[in-house]
Every structure is written in structure tokens, then in C-alpha cells.
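What follows is one structure encoded as C-alpha cells, with my remarks underneath.
The values are calculated or read from the model by the stated rules, or taken from the named source; none is laboratory data. Being a predicted model, the structure only gives us computed values, none of them experimental. Cβ coordinates were reconstructed from backbone atoms using ideal geometry, including for glycine residues, and neighbour counts include every protein chain displayed. Just the protein is used for accessible areas: all its heavy atoms, side chains included, with ligands, DNA and RNA removed. Shrake-Rupley method; radii C 1.70, N 1.55, O 1.52, S 1.80 Å.
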Amino acid sequence: MSKRGDLERQTDYTQTSRLSKIEPLLYLAPFMIGILVFTLYPVVNVVVISFMEDYNYLTRAFSRLGLGNYINVLSNKYFIQALSNTFIYVLLVVPIATVIALAVANTLNQKLKLAGLFQTAYFLPMVTSVTAVGLAWRFMFNERLGIINFFLSLLRIDPVGWLTKAEWSMPALVIYGIWNILPFTIILLLAGLQSVNPMFYTAARVDGSKGLRIFFRITVPLLAPTIMLTTIVNTISSFKVFNELFPLFKGQAGPFYNLYTVVYFIYEQMAGKPRLGRAASAALVLFAVIFILTMLQLLIQRRWNRSGRM
Amino acid sequence: MQVDLVHVTKRFGGATAVDDFTATLADGQLVALLGPSGCGKSTLLNMLAGILPVTSGRIRFDKDDVTHWPPERRGVGLVFQNYALYPHMTVAQNISFPLEIKKTPKPEREKKIGEIAAMVHVEELLNRRPDELSGGQQQRVAIARALVKQPRLLLLDEPLSNLDARLRLEMREEIRRVQRETGVTTVFVTHDQEEAMSISDQIVLMRDGKLQQCDPAQTLYHNPANRFAAEFLGNPPINQLHGKASSGRFKLSCGAEIPLPNPATDSGRPAIMAVRAEAFAIDDGGFPCKVSELFEIGKEEMASLKIGGETVRAYLPLEGGIRKGDTVRVKLKPRGVFLFDEETGERI
Ligand SMILES: Nc1ncnc2c1ncn2[C@@H]1O[C@H](COP(=O)(O)OP(=O)(O)OP(=O)(O)O)[C@@H](O)[C@H]1O
Ligand SMILES: [Mg+2]
């Protein structure tokens, strides 16, 4: 705090000419114009359009301003289904991915001999295209020829219709979703682990503990800020689940249109006769959900930090 | 608990950090492990804690051969140089951690935390986090955490080096007091000879991974085993004069001669005469030397004396009325004069 104060005081003393005040703005201008045109303007537009009933984007005509689109969307059974699917997806993908990533990152951090192999393995999804990998997963999920069912058959489990049965399509999507966010999560957690001073592990061993107890009592708490960060980022990105559907289900929302997600719903409003108002209000509902959840997570984190204090 | 180190050696790749180290640390003593930076003190301490495996040799705690015991089994308390308090736990939780692992029941745990916190004077701080403590407070908490499980051996790795000069003196006394109260065998690592002299029952002097001498502070000071021991202890540093001792006189390389207090010693080979500053005395029958510099320190005066071409530092009594530029006659007292072989550094 005091450091920042010192800096401010310093800038107060520096004499700034008018030109040098404008100069930074000039440097910022291209970037700011880009943001204004391509981000801020569309966002404001979406908010405005979400309140325009029967909006026609060609004529820019609308019947009246009101909550009609929101009422329409929130009472739409497909939207409710999309919302519930999305929640289930997020609630499965994020915690499972976090736990797996934690285990992998911890193993990597202990400098196993397999580190080289692991490194390739966890960088792979980062350098491959989502769609190409998605297609690969489609082959792996294949009921008769896929490698997943092959391994299951070794355990004497009958073939599973991952991509063809309604009840197995969500698990397939979740597995693919987890695989997608794992590399990012592992890398961040690994970075977090590497910034933990190893002397704490030594201290814990001298204090008499080992193995899993050190992991849960020392490693995880010291990593909590990083875990929180990956959880928030992963939650936000998982709420936007959409791209993942295409390679797995050939552009459909699941084998029987049973896997509507919120973003897929928004996308579908634009297909055929575009219903821009409805799409905009659905997008804002999603935004509200993500916003509230993120705030909640930050709140929990703060509580968590303080509770350590007894 | 008595600790025996038997031919303990530690190599990192080709480098030998601790070399054939054999010593016995007596039960209930505070032992200072003293030596210059990089001489292997931390390495030795970590081997005692079980953090580092030994390359060869044995470590015994009383009758137990603990050479291959992991740290969690050895029951030692360790205070790290930078304390290593768990940042996500309060002071109380930090102290409680070793007890939880021993599955001490909660009421007993709380009683022990209270007792130990009172002993190191941190009762008021139990609900604070480590980052809300001063260096001295952190150190007390670290000691409390190390002591609470009633270790067989307490190890401290330069625990005072992060503190300012005054706090260092204070904490030195505290450690001494707590060690006396608990009676736990303690190894205290330091590279500060004064710290080692003031705190310890016994000093283990190390250099380049090798044991130099293991004796009480006074013995080490008044009877150093080799030139390094004489050099390392004492302030100001001991005076060293190169030459040869023969027939009761020490002939300096510059030609001057000094009568030896113990005339029997004869070096034959090139030798070093080491003289403590307090071993000089004004004496009319002594040899002459010129006072080239004078500094007043308390009730004595520190003088730079020229003996032939060499300069030595000596304490002289103030009432002598000596002034800069005077020529005085001094002799050497028998206590504080040592002869060492120039080549091997061994005592003659
Ligand atoms: N992990 C290691 N790998 C290789 N060499 C090491 C390792 N740890 C210590 N050494 C070497 O062993 C020697 C002794 O190191 P040590 O840390 O025991 O010194 P120290 O006496 O504690 O010094 P200081 O007073 O500076 O802490 C040094 O030369 C050091 O470079
Ligand atoms: Mg050290």
C-alpha cells in the first residue's frame, strides 16, 4: 500500500506537458477503438436488443420495449433444459477436471522419471485443434470400433453407445470436456506447485507427517489461490459449452437433441428465422448466471481464507 | 539423549560436504556447530534430522541406530533458518500440527500449546498468521513448534541470522533459557563465533566438512588444537607472526626476535606464532616495540604495535600513559600464545 502511495506522490511532482498527456492516449487509441467497435458496441447492442420485442434486424423495426423476450426465454422448455444440461455439465466437468489435474500436477512436480512422457501428454491438447481432436474422440467413443469400448470389453463390460444413446451422451460430452480443459488446468496448478517452497514439505516431514497428509494439509491449502483461479476460469469456459457438441454429434445437440446447452440454444435462435431478441435475452441470462456464480466463488474464497484463522 | 556421529560422510556428486565426521554430543547439552559458510553445517544438521541420507557412516541416538530412519520417525525438532512456519495456519495451528500427527487428544493438545506458548512468550499471538509476526516472534513460534512434541533432539539452523543485533542477543538468552528448562539435547548451528561462545556448553568446530575441535568454549579459546581454531575464535582476530622458534626465542622472518613465554618449545621448521591481543603486558624487562596506533575501548586501550616489520594488535592498560609514537617494552604472557606448524597448521 505504502509503495503505491509513494509512486503516486512521485507522479504528482513530475511536470507533465500537454503533449505528454495526449501522447499515451494516442498509443492506446488503436486498441481502444478496436475494443469500442468490436466489443463494447456489440455488448451494448445485445443489451438493448434483448428488450426489443419482435425485432427485425434488417428493418431495425420492433413492436415495443419490454421484458417479453425474457419471459419468452425463461418459459421456453428447451431453454430450461439447456440451462439444466449446462449446469450438470459444469458441475461434473470442473470438479473432476480439477481433481485429476491436481493429481497429475502433483505427480509431475515430484519429478518422476516419466516427466518427459507426461509433458508431451499434457501439452498435446494445447497444440491440436479442438475439432480435429473432437473427431478423434468420436472414433474413440465409437460403439463397435472405439478404443474406449475395447478397453471396457477387457473388463468384460458390454459395449456402450456413447454417442448414440441418450443416457450415455452426457457422460461422453463430460469426458471430452474434461479432457479439453485438463492441459490448461494442469499447467496452472503445476506453476502454482512449483512456487511452493519445498522447505514446507521438509518441515512437515520433520513434524512427523508424510504422503497424503502432507498433500492435504500442506500442498492443497498452499495451492488454494491457484485452485480457485482455475476453478473460476474453468467454470466460465464450461458454461459456454458449445464447440464440443459439433465434432461429437455431427452438429446436433446430442443424438436426440437431448443435449441442448445454453449457447447451443442461442445459436439455434439464429438458425432459420432469426429471433435476435430472444437470442440476446438468453445470452444475458447466461451472463447473469456466470456473474452470480463467479461472485459466489470469490465470496467463498474470502470466507475460506478467513476461516483458517479460527 | 546422547548423539553419536561415527565416521559420517556426505558427498554431493564428487564434492564432499561432510568428511569422516566423528563426534559425541552428550545428553542434555547445548552444542554449537560452528564454522565458516559452506563448511557443511547445514548438511550435517539435515543428516541428523533425516532430511539428507548419509553417504557412509552411522548416526546413533542413545542406543538406536537411526542412520536409515526417515525424518518422521526420528522425533527431532527442527528450527529452520527462515523458520518455515506454515503460512496458511495460525500460530496455534502451527504449534498444534506435530501434535495432531501424533494423534494427541484435543484437550491435551490445547493444554500443551498453552504451556509451550507461555514458555516462549507467544500466548498473545496464538490467533495470528505467520505473516503478521515480527522476525523474533516467528522464531519463538518456530521453537515452540519444534519443542511441543517433546523431541529427543532439538536442531536449530542459524535461527538468529535474520534478526537485528539487539534481538539476536535477546533471543540467544531465550534459547539458552528454554533449553535449560526442557533439558533437551540441542544442536545450534552458527557461523558467529561470539554467538557460539556465549550460548553453548560445547562447540563443534568445522572446516571444509571436517571436524577441527570439539570442546567447551573456554578450552577452544585457551587451547586451540590448530591454527584454524585459533584464528576462528576471538575478537580481535588473533595476531599471527611467521618465523621459527629456537632456544626460547621466536625469530621473525623480518629479523626481529621475541622471547617465548614457554622457552621449551622448539619448532625447527617454519612456524606461526599466534598471540591473542590480551597476551601482551607492559614489562621493563620485555622487548621494545613502537606504538603506531591507539584506540580507547572501555577501561583498556587497543594499540597497534610494530615489532620489526610486523604489526600486531594488543590490549594495554590505560593508566600506562602511553601515547602514539612511544616505544614501549612488552612481554608475552604464557596464556594466549600458541605455536603452529606453518605447513600443516597443527599445534606444536
Ligand atoms: N544439495 C546439494 N547439492 C550439491 N552440493 C551441496 C548441496 N547442499 C550443499 N552442498 C554443498 O555442500 C557444502 C556444505 O553446504 P552447507 O549448506 O552444509 O554449508 P553451511 O555450513 O550450512 O553454510 P552456510 O553457513 O552458508 O549455511 C557446500 O559446499 C555446498 O555447496
Ligand atoms: Mg547452512
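Structure notes:
- Scan of region B:104-119 for residues that are in a helix (DSSP H, G or I), away from chain A (no Cβ under 14 Å) and open to solvent by 50 Å² or more (accessible area, probe 1.4 Å), ordered by number: B:Pro107, B:Glu108, B:Lys111, B:Glu115
- Filtering region A:239-246 for residues that are at pLDDT 90 or above and assigned to a helix (DSSP H, G or I) leaves a non-empty set.
- Strands (runs of 3 or more DSSP E) fully within region B:1-82 that include at least 2 residues being over 20 Å from B:Gln193 (Cα atoms), touching a residue at least 40 places away in the same chain (Cβ under 8 Å) and in the same structural domain as B:Pro151 (by TED's automatic domain parsing): B:3-12, B:15-25, B:56-61, B:76-79.
- Of the strands (runs of 3 or more DSSP E) lying entirely inside region B:250-311, the ones with 2 or more residues being in contact with a strand residue (DSSP E or B) (Cβ under 9 Å, 6 or more places away or on another chain) and open to solvent by 50 Å² or more (accessible area, probe 1.4 Å) are found at B:257-259, B:280-297, B:300-307.
- Sole exception among (1) part of a loop (DSSP other than H, G, I, E, B); (2) open to solvent by less than 10 Å² (accessible area, probe 1.4 Å) for B:His88, by number: (2)
- Candidate set: region B:154-181, residues that are open to solvent by 60 Å² or more (accessible area, probe 1.4 Å) and not charged (D, E, K, R); chosen: the one nearest to ligand 2 (Cβ to nearest atom): B:Asn162
- Test: residue in region A:262-270 that is within 14 Å of chain B (Cβ to nearest Cβ), open to solvent by less than 50 Å² (accessible area, probe 1.4 Å) and in contact with a helix residue (DSSP H, G or I) (Cβ under 9 Å, 6 or more places away or on another chain): no
- Summed over region B:46-103, residues that are charged (D, E, K, R) and within 9 Å of chain A (Cβ to nearest Cβ) total 5.
- Test: residue in region B:29-49 that is away from ligand 2 (no atom under 16 Å from the Cβ), within 26 Å of A:Ser209 (Cα to Cα) and surrounded by 14 or more Cβ atoms within 10 Å (Cβ to Cβ): no
- Qualifying residue in region A:175-191 (condition: outside any helix (DSSP H, G or I), under 28 Å from the mean Cα position of the chain (by Cα) and not small (Gly, Ala, Ser)): no
- Of all residues in region B:140-161, those that are away from chain A (no Cβ under 14 Å) and within 16 Å of ligand 1 (Cβ to nearest atom) total 2.
- Filtering B:Gln240, B:Gln212 for residues that are modelled with pLDDT of 85 or more, more than 15 Å from the chain's Cα centre (by Cα) and assigned to a strand (DSSP E or B) leaves a single hit, B:Gln240.
- Test: residue in region B:128-139 that is surrounded by 23 or more Cβ atoms within 10 Å (Cβ to Cβ) and more than 10 Å from chain A (Cβ to nearest Cβ): yes
- One residue from A:Pro198, A:Pro159, A:Pro171 being away from chain B (no Cβ under 14 Å), farther than 17 Å from A:Val241 by Cβ and surrounded by fewer than 19 Cβ atoms within 10 Å (Cβ to Cβ): A:Pro159
- Among the numbered conditions (1) open to solvent by 20 Å² or more (accessible area, probe 1.4 Å); (2) within 14 Å of chain B (Cβ to nearest Cβ), the only one that A:Asp207 does not meet is (1).
- Top-ranked residue in region B:184-194 [being open to solvent by 10 Å² or more (accessible area, probe 1.4 Å) and within 15 Å of ligand 1 (Cβ to nearest atom); ranked as farthest from B:Pro237 (Cα to Cα)]: B:His191
- Test for B:Ala196: is it outside any loop (DSSP other than H, G, I, E, B), within 25 Å of B:Ala303 (Cα to Cα) and not aromatic (Phe, Trp, Tyr): no
- When B:Leu78 is tested against (1) open to solvent by 50 Å² or more (accessible area, probe 1.4 Å); (2) in contact with a helix residue (DSSP H, G or I) (Cβ under 6 Å, 6 or more places away or on another chain), exactly one condition is not met: (1).
- Filtering region B:102-121 to residues that are without any contact (Cβ under 8 Å) to a residue 40 or more places away in the chain and of a type in the set (A, V, I, L, M) leaves B:Ile113, B:Ile116, B:Ala117, B:Ala118.
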